[in-house]
1. When the dipole is taken about the Cα centre of the chain, and only Lys, Arg (+1) and Asp, Glu (-1) are charged at their Cβ, what size is it in debye, to the nearest 20?
2. Can you tell me which aspartates and glutamates have their Cα less than 12 Å from the Cα of K121? Leave out same-chain residues fewer than eight positions away.
3. Just to confirm the number: angle between the C-alpha axis of helix 206-224 and the first principal axis of the chain, 0 to 90 degrees, nearest 10?
4. Below 8 Å between Cα atoms, with a sequence gap of 6+, how large is the relative contact order for segment 23-94 in percent?
5. Once you've got the Cα coordinates, tell me which of K214/K276; K52/K165; K89/K237; K111/K165 are over 24 Å apart.
6. Quick one: Cα centre-to-centre distance for segment 218-246 and segment 61-79, in angstrom?
7. Can you tell me which of E35, E227, E128 moves the most in a GNM of the chain? Springs connect C-alpha atoms under 10 Å apart.
8. In whole percent, and with a 1.4 Å probe on the protein chains, what portion of the accessible area of the chain is carbon and sulfur?
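The values are calculated or read from the model by the stated rules, or taken from the named source; none is laboratory data. Quick caveat, the model's predicted, so the values are computed rather than measured. Here the Cβ is made from the backbone with ideal geometry for all residues, glycine too, and neighbour counts use every protein chain on show. Side chains are part of the model used for accessible areas, which takes the heavy atoms of the whole protein and leaves out ligands, DNA and RNA. Shrake-Rupley method; radii C 1.70, N 1.55, O 1.52, S 1.80 Å.
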Amino acid sequence: MVTPLVSVLMTAYNREKYIAEAIESVLASTYTNFELIIVDDRSTDNTYHIAKAYELKDPRVRVYLNSKNLGDYPNRNKAAGYAKGKYLKYVDCDDKIFPSCLEVMVNAIEKYPEAALGICKSTGSSVELLASEQAYLSPIGILEYYGPTGSIIVSKRFFELGMFKELVTVSDWDMWYRLAARWPVVAMPADLVLWRDHANNTLKSDSHKIGVFKNYLKLKVQILTSEYCPVSKDEAKKLLKKYSWDILKMNLKLSVKRFTLKFFGIYLKNNWRYLKYL
């Protein structure tokens with residue numbers, strides 16, 4: 001059997017309403033040299049059984065069931081452990097990719113073997129190679145615009161950096177910055193993936209917001225003061241000031257909207273030592 005070039009990784013938990021469309025979007029790809037690995041994190045609905053039905057119909061699909069619930073990013077790491085491909089392509093089970101997505105991404109990153117990460121831009125259809133400093137200073141914030149569904153990763157580099165850290169919803173940003181600090185990044189065309197907006201989306205949850213307030217600024221400080229940081233100390237200071245104000249304004253806006261000090265308390269508890277960057 002030919003080893004697939006791309007391992008498409010789909011982690012799943014209680015997404016019976018969406019997972020069939022997500023799987024079908026992958027199977028409809030114009031690029032065919034892939035495996036689709038689905039890892040269910042102990043769903044309590046029919047998510048796992050829906051995925052298993054596709055495994056019976058298509059030999060490229062492999063479905064696994066965790067022995068216990070791991071949580072979002074530990075489960076993404078678990079899925080990567082099953083991968084055989086040169087590239088990892090995450091597709092969230094409530095998102096979809098367009099038929100040309102894999103083909104465009106693979107062709108683009110194969111063109112630049114020195115790169116470790118390919119990630120979609122917010123606008124535009126061009127493909128370009130960004131040096132580490134360019135990626136960090138991107139005016140469109142390319143390293144934070146898309147999560148795992150909008151990326152393709154060189155497997156070797158992903159494992160070399162120790163996979164995703166467990167930082168709730170900023171784990172992807174952390175990985176993108178760590179990869180970009182060491183290797184170039186391929187800026188991919190926009191509109192290769194369809195991010196689904198729905199009531200139960202993780203980004204709308206309080207756990208996401210709390211995770212951001214706890215980890216976002218700490219992560220930025222670690223990245224921009226690291227020995228691997230590709231930008232100058234002056235640029236790093238400017239970025240830290242910007243990010244410090246951004247997260248403070250986001251927190252204050254939410255605190256006022258919810259009429260509660262809960263989120264501001266979480267922000268202060270986890271970020272008081274970084275107030276010097278304001």
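1. On the way: 40 positive and 30 negative charges, 259 e Å.
It works out to roughly 1240 debye.
2. E144, D191
3. Around 70 degrees separate the two axes.
4. On the way: 58 pairs, mean separation 25.9, N = 72.
Answer for segment 23-94 is 36 percent.
5. Numbers: K214/K276 17 Å; K52/K165 29 Å; K89/K237 33 Å; K111/K165 29 Å.
Over 24 Å apart, Cα to Cα: K52/K165; K89/K237; K111/K165.
6. Measuring centre to centre over Cα atoms gives 33 Å.
7. Greatest mean-square fluctuation among the candidates belongs to E227.
8. Working: 7300 of 13280 Å².
Of all accessible area on the chain, carbon and sulfur atoms account for 55 percent.
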